[in-house]
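The values are calculated or read from the model by the stated rules, or taken from the named source; none is laboratory data. The model shown is predicted, which means the values in this text are computed figures rather than measured ones. Every residue, glycine as well, gets a Cβ built from its backbone with ideal geometry; the counts of neighbours run over all protein chains shown.
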Amino acid sequence: MQTRYNVLSLLQGRLDISILPPDPDQQSIIEKNKNKITQESCTHILVSNLKRTWETADLYVNSYTVEPLLDELDFGEWEGQKKVP
């Protein structure tokens, strides 16, 4: 799922930014992926400490585990700046 920073091509790193609501195409993909998760008997869903990861997980499953080792890179003063192509 995307955040406003993704759409604007800004570095987000460890900034705790919410995801944008899924559009109809994304919602269709989510439904397909939910079926795959169920069919493949996924037993563990891991997310980082950032809310955008748990908000995404909430779209797919009812429970997940927060794993700090998955935390994103810290870009320091570069967070919120435009990405260089």
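Tabulated data
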{"item": "Those residues of the range 37-60 which are surrounded by 11 or more Cβ atoms within 10 Å (Cβ to Cβ) and part of a helix (DSSP H, G or I), in sequence order", "result": "ILE37, THR38, LYS51, ARG52, THR53, TRP54, GLU55, THR56, ALA57, ASP58, LEU59, TYR60"}
{"item": "Residue within the range 10-20 that is in a helix (DSSP H, G or I) and of a type outside the set (Phe, Trp, Tyr) present", "result": "no"}
{"item": "Residue match in the range 16-35 (condition: surrounded by 11 or more Cβ atoms within 10 Å (Cβ to Cβ) and in contact with an Asp or Glu (Cβ under 8 Å, 6 or more places away or on another chain))", "result": "yes"}
{"item": "Options SER9, SER48, SER41; residue that is of a type in the set (Ser, Thr, Tyr) and touching a residue at least 60 places away in the same chain (Cβ under 8 Å)", "result": "SER9"}
{"item": "Filtered residue count, the range 30-78, keeping only those that are acidic (Asp, Glu), over 17 Å from the mean Cα position of the chain (by Cα) and under 25 Å from VAL7 (Cα atoms)", "result": "1"}
{"item": "Qualifying residue in the range 61-82 (condition: at pLDDT 90 or above, of a type in the set (S, T, N, Q) and surrounded by 15 or more Cβ atoms within 10 Å (Cβ to Cβ))", "result": "no"}
{"item": "Residue under evaluation GLU31, criteria (1) outside any loop (DSSP other than H, G, I, E, B); (2) modelled with pLDDT of 95 or more; (3) not β-branched (Val, Ile, Thr), criterion not met", "result": "(2)"}
{"item": "Conditions (1) in contact with a strand residue (DSSP E or B) (Cβ under 9 Å, 6 or more places away or on another chain); (2) in contact (Cβ under 8 Å) with a residue 60 or more places away in the chain; (3) of a type outside the set (Ser, Thr, Tyr): number failed by ILE19", "result": "(2)"}
